[in-house]
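Shown next, in structure tokens, is the structure this report addresses.
The values are calculated or read from the model by the stated rules, or taken from the named source; none is laboratory data. Predicted, not measured: the structure shown is a model, and the values here were computed from it. Every residue, glycine among them, receives a Cβ derived from its backbone with ideal geometry; neighbour counts consider all protein chains shown. Note: accessible area is taken over every heavy atom of the protein model, side chains too, but ligands, DNA and RNA are not part of it. Shrake-Rupley method; radii C 1.70, N 1.55, O 1.52, S 1.80 Å.
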Amino acid sequence: MQPTRDPRATLPDLIEVLLNKGVHLNLDLIISVSDIPLIGINLRATIAGIETMIEYGMMQQWDRDTREWVQRAVRTHLPLAADEEILAKMAGGHYQDNFYRTWRPGSAYLTTQRLIIHRRDPAETLWQTRLDAIASVSALREPSIGGEERTRILVGLNDGTEAILSALEPDRLISLVQARLDRTDGAPSSTPEATTAEDRPLREGRMWFLETLSSGSTWRGGQAQLSNTELTWRSPMDGRARVRIPPEQLLDIRREERSNPTDERRVLILETADSTITLAADDAGAWFAGLDEWRTGPGDRRSAPLEATISPGRNPDERAEEGAAS
């Protein structure tokens, strides 16, 4: 075996492979000095993310024991039915709109029967509904105090009322709730299906983003996705999209020769009203054609005053909200 190095590989790439695919080591090693064998190593190891381990039949007893322990711990402050099981938990909140309007932070729980926003200390259920009372669930995008776009969760109920929720991973929670609704109904409902069709990816793949720092510029590897509503890019270490551009804000796109981590000499330059974004990909030509067609798609979409964002990280108000939720 000879050591090799791919200059395009980064630490996030290694972490992503370890977590999603895993590595199995089957090693017999003998260390010799002056042709005299001194040390023998027999190594059998599997390294992977927990979900990958469980998928391949490993650590299942640990998974069962951990789930039972979590259920017992949660029941001490969140009443659950005997046959009710928690499917997901994350920091979240509920927007209260009655005699005064405010966000009430807590934790979002999805169980086999309910969607709940609950605060542990002092213990209080801020909002809840049974899954069979939900008519629709969709993403609601609105600007935050700092001007960055934030995704909320709009829950429509069968009685005609609506609730606005926040979650640390809103897209994941929406997909989990929708999966439970589809499973309960036996078929997807028409409203959520129309929403997901709009956001279905037109193109996605590996892409590099040129990030400007105080000490200079550096290329970051990540994943880009193009849908009918926006172009997004995020690295494996980002909790949310680092770049988010709606078609209305993409003023110009061109290609320029520039040193980059790919085999393609020309990079993509995207111009918006308030920023210039540089991206690189091995298939930059195909991305250029797709983005140019997407930008000049049917209808005059430039009239809508939407905002392109390059996220520098979480806003202080979001960190405060998540800290209070935890």
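Size descriptors for the stretch 1-104, from the alpha-carbon set: Rg then Dmax equal 23.9, 84 Å.
Counting charges near residue 266 (Lys, Arg +1; Asp, Glu -1) among other residues having Cβ under 10 Å from its Cβ returns a value of +1.
Set against the 2.2 N^0.38 Å expectation for a compact globular protein, the stretch 136-186 has a Cα radius of gyration ratio of 1.26. The radius of gyration of the Cα set in the stretch 102-159, together with its Dmax, comes out at 13.2, 37 angstrom. When only Cα pairs below 8 angstrom with a gap of at least 6 residues are kept, the stretch 66-176 shows a relative contact order of 20 percent.
Most tightly packed first, judged by the mean number of other beta-carbon atoms within 10 Å of their residues, the peptides 82-92, 218-228, 105-115 read 105-115, 218-228, 82-92. At q = 0.12 Å⁻¹ the log10 of I(q)/I(0) for the stretch 58-193 amounts to -0.51, computed by Debye summation with a single uniform scatterer per C-alpha, solvent ignored. Surface composition of the stretch 1-146: carbon plus sulfur atoms hold 56% of the accessible area, using a 1.4 angstrom probe and ignoring ligands, DNA and RNA.
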